[in-house]
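The block underneath contains the structure these notes are about, expressed in structure tokens.
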Amino acid sequence: MRRRTDRPAPRVSLALAASALAAAAGLACAAPPAAPAPSGTPASASTRPLTGAPAPGEVPPPVPRAELTMSAADAPPPAGARLIELLRELDQGVRETRYQARTVVRPRDGYYAWDCSGMAAWLMKRTAPRALRAVGGGRPVASDFYRAIDAAPVERARRGWQRVPHVSQARPGDAFAWLRSPLSTSAVTGHVGFVVGPPREVPDWPGAWAVRIVDATGLPHQDDTRPADGAGGFGFGTMLFVTDDTGEVTAYGWFGTASSGLMPARVIFGRPTG
């Protein structure tokens with residue numbers, strides 16, 4: 001099973017986007033179930049219209065594929081730089097990946113199977129162990145990452161985390177997380193992933209930011225490295241984050257600038273520092 005090709009994966013249809021957008025409220029991060037099934041299967045829910053979005057047919061182009069040029073020099077040292085270096089190794093070494101609740105990693109085989117929180121924990125154990133300890137012991141889920149980031153101060157780092165107050169200030173290696181959207185009927189606790197490229201303002205859409213990210217999911221994002229009809233897992237894609245007048249992210253678009261709706265959720269960003 002090939003994870004990626006040099007060409008963009010086929011865009012998920014708007015029909016799929018409308019029916020599955022609620023699943024994008026987490027898609028990967030419920031506590032591991034008793035049965036070996038991945039968490040975050042699609043759940044039906046209405047979605048909020050794209051307030052302030054460009055008119056149909058004027059979808060802005062996605063951001064560049066930052067994973068092709070990402071460098072430790074662009075990330076905050078030391079933890080962010082270590083994480084970006086590890087992501088570079090993974091991008092070259094992954095031969096097969098799958099989205100599932102139980103983390104199974106065989107580096108020699110290039111096999112990586114996990115959900116979003118499983119991937120985040122695996123990465124941080126190797127690059128920011130202090131920050132991972134602040135998330136909690138055992139098998140953390142997305143809500144654990146969210147609470148650790150939310151408790152971190154903005155002015156300085158504490159317990160391995162420093163909160164990033166605005167999406168525009170996020171840098172490669174920073175984490176993002178949200179709790180399950182109130183519109184979602186899924187059992188997921190939320191979602192967690194990492195920024196790999198500088199956030200870019202969407203032209204003619206005040207408060208909207210397109211961000212290149214890495215996560216583990218069963219539903220690919222815009223311009224995703226995972227095939228739309230594949231098994232999901234590790235990959236890079238583009239998401240959309242929309243802020244209110246205070247600069248806080250209050251909604252996200254799972255399919256980036258091609259999203260047909262927004263999911264309301266408070267999305268926060270945090271910088272692992274050690």
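The values are calculated or read from the model by the stated rules, or taken from the named source; none is laboratory data. All values derive from a computational prediction rather than experimental measurement. Using ideal geometry, Cβ is built from the backbone for each residue, glycine included, and neighbour counts are taken over all protein chains shown.
Matching residues to (1) farther than 25 Å from Leu179 by Cα; (2) part of a loop (DSSP other than H, G, I, E, B):
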position	(1), (2)
Leu90	yes, no
Ala101	no, yes
Ala113	no, no
Met124	no, no
Ala134	no, no
Gly137	no, yes
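Considering (1) crowded, with 24+ Cβ neighbours inside 10 Å; (2) assigned to a loop (DSSP other than H, G, I, E, B), the lone condition that Thr246 does not fulfil carries the number (1).
Results for (1) crowded, with 24+ Cβ neighbours inside 10 Å; (2) touching a helix residue (DSSP H, G or I) at 6+ places or on another chain (Cβ under 9 Å); (3) at pLDDT below 95, shown as yes or no for each residue.
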residue: Met119; (1), (2), (3): yes, no, no
residue: Met124; (1), (2), (3): yes, yes, no
residue: Val141; (1), (2), (3): yes, yes, no
residue: Phe145; (1), (2), (3): yes, yes, no
residue: Val154; (1), (2), (3): no, no, no
residue: Trp161; (1), (2), (3): yes, yes, no
residue: Val164; (1), (2), (3): no, yes, no
residue: Gly173; (1), (2), (3): yes, yes, no
residue: Trp178; (1), (2), (3): yes, yes, no
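Could you please find all residues in region 224-256 being hydroxyl-bearing (Ser, Thr, Tyr) and at pLDDT 95 or above?
Once the filter is applied, which keeps residues that are hydroxyl-bearing (Ser, Thr, Tyr) and at pLDDT 95 or above, region 224-256 yields Thr225, Thr238, Thr243, Thr250, Tyr252.
What number of residues in region 96-106 are of a type outside the set (Asp, Glu), under 15 Å from Ala216 (Cα atoms) and surrounded by fewer than 19 Cβ atoms within 10 Å (Cβ to Cβ)? Looking only at that region, the number is 4.
Taking the criterion of being in contact (Cβ under 8 Å) with a residue 12 or more places away in the chain, in a loop (DSSP other than H, G, I, E, B) and of a type in the set (Lys, Arg), the residues of region 151-174 that qualify are Arg159, Arg171. For region 249-268, a residue qualifies if it is in a loop (DSSP other than H, G, I, E, B) and either under 26 Å from Ala152 (Cβ atoms) or without any contact (Cβ under 8 Å) to a residue 24 or more places away in the chain (or both), and exactly one does: Trp254.
Test of understanding: among Ala66, Ala73, which residue is crowded, with 18+ Cβ neighbours inside 10 Å and aliphatic (A, V, I, L, M)?
Numbers: Ala73 fails: crowded, with 18+ Cβ neighbours inside 10 Å.
Residue meeting the stated conditions: Ala66.
Residue-by-condition table, conditions (1) of a type in the set (Asp, Glu); (2) out of contact with any Phe, Trp or Tyr (no Cβ under 9 Å at 6 or more places or on another chain); (3) in a loop (DSSP other than H, G, I, E, B):
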| position | (1), (2), (3) |
| --- | --- |
| Ile149 | no, no, no |
| Gly193 | no, no, no |
| Asp204 | yes, yes, yes |
| Thr225 | no, no, yes |
| Thr238 | no, no, no |
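Would you say Met239 is of a type in the set (A, V, I, L, M) and touching a His at 6+ places or on another chain (Cβ under 9 Å)? Lay out the reasoning, then the answer.
On the way: of a type in the set (A, V, I, L, M): yes; touching a His at 6+ places or on another chain (Cβ under 9 Å): yes.
Considered against the rule, which asks whether it is of a type in the set (A, V, I, L, M) and touching a His at 6+ places or on another chain (Cβ under 9 Å), Met239 comes out as yes.
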